[in-house]
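Below you'll find the structure, written out as structure tokens, and then a few comments.
Nothing in this text is a laboratory measurement; each read-out follows from the coordinates by a stated rule. Everything numeric here is computed off the predicted structure, so don't read it as measured data. Glycine also receives a Cβ, built like all others from the backbone with ideal geometry; neighbour counts cover every protein chain displayed.
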Amino acid sequence: MAKLSMNVTTSFYGNVATDIATARSAGFGGIELQSPKLYRYLDAGFSVHTLPEMLTGLEVTGIGAVLDLERQGTARDDMLREVRRMAEIATVVGAPILQMCTGPVDWNVVKDFKSGKLAASDDRYRGTLGLSEPEAMAIAADNVSAAAGIAAEHGLEIYLEPLAWSNINRCRQALEIIERCGRENVGIALDTWHFWTVGDTLEEVAALPKELIKAAHISDGLDLDRRHEVPAQDVHRNVVIGGGAIPLQQWVDAIKSTGYDGWWVSEMFSDRANEHDFHKVASTMRNLLDIMVS
């Protein structure tokens with residue numbers, strides 16, 4: 001039976017309680033919790049120890065995301081503190097893995113940088129934009145290695161998600177980071193939107209060692225001019241899964257060809273879907289995943 005998990009973007013405007021209830025009622029076996037909602041719940045004064053009972057019947061397949069993984073200086077210290085906080089939450093809810101994403105998470109910064117409009121005085125976070133690829137990769141690998149050490153202390157793994165608009169956005173770069181880390185607890189969150197959007201291929205996916213694929217995020221998107229456009233999540237990912245330009249069945253089949261037998265996760269950033277009933281959306285996405293991966 002397919003292992004199907006709901007990323008909480010599927011019920012976008014929900015909270016921790018409604019997301020859990022939605023995933024369960026829609027028939028998912030797992031849920032992938034995400035930090036904005038999770039932190040909001042905890043910051044409102046609820047204890048993390050209230051979550052295991054709420055999660056009865058569901059497996060927490062992962063927790064995300066530590067964003068802008070290439071942070072430096074005091075910001076790097078903040079990033080590693082967030083890794084530790086997330087790891088402590090994961091041990092309570094039984095999640096095996098933490099998600100880290102390359103940055104900058106704000107795609108508008110990348111747009112401005114590439115168009116020459118990002119002034120030196122602009123204090124928005126820019127990650128490693130402007131550095132050479134070897135310099136950027138060295139910073140990312142060092143930070144991921146440090147985060148992986150913290151995760152290992154808690155018996156956890158890390159999965160990387162290179163964001164499509166980042167300067168570290170390719171499958172080959174994720175593999176290089178993993179190799180340079182030299183840690184066995186680092187792998188990839190294989191997101192169909194990010195991979196397809198940057199031009200990574202089905203052949204590259206099929207060649208991945210299955211043990212490096214820690215989750216398969218099934219997400220759709222709209223076509224774009226890869227040579228001239230910066231991918232923007234609010235534009236190029238703003239579509240219901242199955243209604244976009246990505247040949248999702250081909251991507252699912254390529255992932256399956258590796259021997260991957262882990263969790264298949266619905267992830268969606270659709271304004272239209274977000275205005276529908278949570279249960280209707282989640283049930284539809286769960287059934288669609290089941291058909292594609294069966």
Over the stretch 135-204: Kirkwood hydrodynamic radius from C-alpha pairwise inverse distances, Å: 12.4
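Taking every eigenvalue of the Cα gyration tensor of the stretch 47-184, multiplying by 5 and rooting it, what semi-axes result, largest first, whole Å?
Listed largest to smallest, the semi-axes of the stretch 47-184 are 29, 17, 13 Å.
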Please give the net charge around D112, taking every other residue with its beta carbon less than 10 angstrom from that of D112, where Lys and Arg add +1 and Asp and Glu add -1. +3
Which whole-angstrom value gives the distance between the alpha carbon centres of the stretch 121-163 and the stretch 220-289? 25
To the nearest 20 debye, the stretch 150-203 has a Cα-centred charge dipole, built from +1 on Lys and Arg Cβ and -1 on Asp and Glu Cβ, of 160
Project the alpha carbons of the stretch 184-254 onto their principal axes and report the range along each, largest first, in whole Å. 36, 23, 20
For the chain, alpha-carbon Rg relative to the globular expectation (2.2 N^0.38 Å, N residues): 0.95
Could I get the Rg over Rh figure for the stretch 171-294? Both from C-alpha atoms, Rh via Kirkwood, rounded to two places. 0.98
